[in-house]
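Readers should treat all values here as calculations from the given coordinates under stated rules, not as data from a laboratory. On a predicted model such as this, the values are computed, not experimentally measured, just so you know. Don't worry about glycine lacking a Cβ; one is built from the backbone with ideal geometry, like all the others, and counts go over all protein chains shown.
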Amino acid sequence: MKYTRKNMATAALMSVAATGTVLTGFGWGGVSADDLELSGTFETRTAFGFTGSKLQKSEFLLTPELSFSLSTKTSVTIIGRIRGDMKDQLEPGSPLDVNRSDFSGRLTLGDNIDAEIREAYIDTQIGSSYLRLGKQQIVWGQADGLKVLDVLNPQSFREFILDEFDDSRIPLWAVNAEVPVGNFTLQLVWIPDTTYADIPQAGALYGFTSPLIVPQAQPGVPVTLLPVEKPSNALSDSDVGVKLSAFMGGWDLSLNYAYHYQDTPVVRRVISASGISVGQSYARSHLVGGTFSNVFGDFTLRGELGYSTDKWYAVTDPADADGVVRSDEFAYVLGLDYSGITDWFISAQIFQSYLTDSPAALVRPATDTNFTLLVQRDFMNETLKAKALLIQSLTGGDTGGDGLLQLSLNYDWQSNITLRLGADVFYGSKTGLFGQFRETDRVTLGVEVSF
């Protein structure tokens, strides 16, 4: 097993979770074995490509969770994950984790197995306030399929956006406080963890190829990849967030602000007589937005909106110095949920992103629109659940009009055993965000055992 400075924190915490020997000295007294609660899941996940039934992945995931109380107001939770994939096509070779901070790296065993502490935090109550310290997920917004405000935790694109957000979201070391202020709740977040999105390497099954994301070079032109410039100072490069929420007149409302690094790097290129040099660096942004939701009988109306400054987008103009331009972005999602038919749930959403600056050579459209439709049905006293999620681009042009259809069927065979069957179908132009993966359509099989 390879140990580096980047994964020493993971190794130490896994040792704590495994032995339970350092459960004293917190100032709250000792913790006996009777106080410990151990649970978790073991899953197998297999994916076959539609073309020739090619095996795309054959993986297992062991997710243990250890929790215990230090007092009536303080508890500790540690969640680990060991993952092995015998095919090794999603992250070929041993993950480099160049996007992760020194304290959020993964342990690797060869090319096929990795382990990490997914979450490790202390929850405590101080007066009427709540405080969570440690590695955690901080969720803003509840949109399906795509994101507007859910930007505090980066995302793993190991399987593009096919994973559930809880699985693909990368937990971060953070301070997360919720303080009641009259009829409002004030959330204060400080994230000194300089970890960013997991981007698949070239050659990975879900490696990006669309010009919306990757600069395109003419055939035969030499391309030099420069080292990634990643922020690394836990103090000066940390992210902060503030959220003010309330329930007023039947409406759940929030105002959100974040000062953060964009989790995907800005890809810049320099053209010279010797070829093209491509560099990647991360850019700061201010995000201001909010959420709203209300229930009207069998319907729920909800929405998110956000205005982000200083985002960067690719252009095709060869005269441009670095191939990208800066623009602010206004994005929103408007959703309507319906649950008026027994055992059915139907949800429709409109996502739209508008760039304030849009030169003619911009690769992506100045206004990008997507529609989602989620249909869910329960059978057999909720032991069998069928789900279909459609994400459809409504933007025209060569890079628009594509989409993704996800189908799943989950059967609770036993109280602790769930059988899973699914399919993921991409369609559209190969230059589109979804169509770039149209040759990776697949059928998935899985078993989850809880303990």
Over 31 Å (Cα to Cα) - which of LYS73/LYS135; LYS73/LYS311; LYS73/LYS230; LYS311/LYS387 fall in this group:
LYS73/LYS311; LYS73/LYS230; LYS311/LYS387
With P(r) over Cα pairs in 10 Å bins from 0, in percent as the read-out, I listed (i) 4, 22, 34, 27, 10, 2, 0; (ii) 4, 17, 28, 30, 15, 4, 1; (iii) 4, 18, 26, 23, 16, 9, 4, 1, 0; which label goes with the value calculated from this structure?
(ii)
What does the net charge come to around LEU334 if you take all other residues with beta carbon closer than 13 Å to its beta carbon, with K and R at +1 and D and E at -1?
-2
Answer in debye to the nearest 20: the dipole magnitude of segment 224-283 about its Cα centre, from +1 Lys/Arg and -1 Asp/Glu charges placed on Cβ, is 220
Of the options LEU149, GLY403, ALA202, report the single residue whose Cα projects farthest towards the positive end of the charge dipole of the chain (beta-carbon charges: Lys, Arg +1; Asp, Glu -1).
ALA202
With the dipole of segment 309-353 defined by +1 on each Lys or Arg Cβ and -1 on each Asp or Glu Cβ, the option from TYR338, GLN352, ALA314 whose Cα lies farthest towards the positive pole is TYR338
Taking the Cα centre of the chain as the origin, how large is its charge dipole in debye, to the nearest 20, when only Lys and Arg (+1) and Asp and Glu (-1) carry charge on their Cβ atoms?
640
Among TRP190, VAL295, PRO265, pick out the residue whose Cα is farthest towards the positive end of the charge dipole of the chain, where Lys and Arg carry +1 and Asp and Glu carry -1 on C-beta, about the Cα centre.
PRO265
Could you give the size of the charge dipole of segment 55-175 about its Cα centre, using +1 on the Cβ of each K and R and -1 on the Cβ of each D and E, expressed in debye and rounded to the nearest 20?
380
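What percent antiparallel are the DSSP beta bridges of the chain, to the nearest 5?
Working: 184 of 189 bridges.
Roughly 95 percent of the DSSP beta bridges within the chain come out antiparallel.
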At what distance in angstrom do the alpha carbon centres of segment 131-181 and segment 75-111 lie from each other?
18
Can you tell me how segment 106-185 classifies by the Cα gyration tensor, rounded, prolate or oblate, using a/c under 1.5 as the rounded cut?
oblate
Counting Lys and Arg as +1 and Asp and Glu as -1, what is the net charge of the other residues whose Cβ lies under 10 Å from the Cβ of THR194?
-2
Summed residue charge, Cβ within 9 Å of ILE82's Cβ, Lys/Arg positive, Asp/Glu negative
0
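Below 8 Å between Cα atoms, with a sequence gap of 6+, how large is the relative contact order for the chain in percent?
On the way: 1136 pairs, mean separation 51.2, N = 451.
Reported relative contact order: 11 percent.
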